[in-house]
Amino acid sequence: MKKLCMLFALLMTVATVILLTSCSGAMDGVSERRSGYYTASDNDFSVVAVSGVRESDYARDGVVGNLTPYTLITLSNIDEKAFDVDAVVTYEAVVPCEEGEKRFGGALVSHPFAASYSAEFPFETVADFTVSVIIGGQRREYALISQTNGIITFDRAIAAAKSEIKKAEGEIRARVIKNPVGDGVCWHVEFITAEGACGVLLDPFTAKVLAKKEA
């Protein structure tokens, strides 16, 4: 087990160096980079986790603040009619890291309009991880699997968006999201100023524009 942890730590270190090297200068003007997207489900619930870095004072004001890491977990009922806004839901996450693993946990807070429960912890997950959810006295285990294997990098997504948007100004948010016009995921790149926002949805593999909104 110790050897496996050491091997994982080495691989994570190499991956981090490659990521930082490839992204050198690419974070200029970026207020959010969400490049992690993980999913799992059973007959009753689906779990989605997204991760990356974003400004600590999250505001759509055209100004970039200090960036901090995050992972957001969302638990949703497969049957929305079964959603209980008053349910007590907790979670425990085991996340791989350079030291071996990190553990996070706490309450999943219900959303009264989205029929879901969510929680966030201050760490960017960069590999598949596990989440245990305790709801109604029952413990459920979920193995969250990445949905971003093979997709283009965020800096390439930003470059593709800039080539399509005439007024690519202000703070930039580049996020992997569930594709609203098709299957799987896509890149959503926004350019935000104090006057408004514009952006594009991009195919995650080819950078082809799926939808566009000009300012």
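The values are calculated or read from the model by the stated rules, or taken from the named source; none is laboratory data. Please read these numbers as outputs of a predicted model, since none were measured by experiment. Note that each Cβ is placed from the backbone with ideal geometry, even for glycine, and that neighbours are counted across all protein chains shown. Accessible surface areas use protein heavy atoms only, side chains included; no ligands, DNA or RNA. Shrake-Rupley method; radii C 1.70, N 1.55, O 1.52, S 1.80 Å.
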Filter result (open to solvent by 40 Å² or more (accessible area, probe 1.4 Å) and small (Gly, Ala, Ser)) within the range 94-112: GLY105, ALA107
Strands (runs of 3 or more DSSP E) contained entirely in the range 112-187, each with at least 1 residues that are farther than 24 Å from ASP203 by Cβ and of a type in the set (Lys, Arg): 138-146
Hits in the range 186-215 - residues which are closer than 15 Å to LYS166 by Cβ, small (Gly, Ala, Ser) and surrounded by 15 or more Cβ atoms within 10 Å (Cβ to Cβ): ALA197, GLY199, ALA215
GLY196 being within 18 Å of SER31 (Cβ to Cβ) and in contact (Cβ under 8 Å) with a residue 24 or more places away in the chain: no
Unmet requirement for ALA115, which otherwise passes all of (1) open to solvent by less than 40 Å² (accessible area, probe 1.4 Å); (2) farther than 22 Å from ASP42 by Cα; (3) more than 18 Å from the chain's Cα centre (by Cα): (2)
ILE152 being out of contact with any Asp or Glu (no Cβ under 8 Å at 6 or more places or on another chain) and farther than 20 Å from VAL64 by Cβ: yes
Pair list, Cβ < 6 Å and 6+ apart or interchain, from the range 98-110 residues that are polar (S, T, N, Q) to residues that are surrounded by 13 or more Cβ atoms within 10 Å (Cβ to Cβ): SER110/TYR117
Hey, VAL181 more than 19 Å from THR71 (Cα to Cα), among the β-branched types (Val, Ile, Thr) and either open to solvent by 40 Å² or more (accessible area, probe 1.4 Å) or under 20 Å from the mean Cα position of the chain (by Cα) (or both) or not: yes
Among (1) modelled with pLDDT of 95 or more; (2) open to solvent by 20 Å² or more (accessible area, probe 1.4 Å); (3) within 25 Å of ILE145 (Cα to Cα) - the single one VAL88 does not satisfy: (3)
Residue within the range 155-167 that is open to solvent by less than 20 Å² (accessible area, probe 1.4 Å) and closer than 30 Å to VAL131 by Cα present: yes
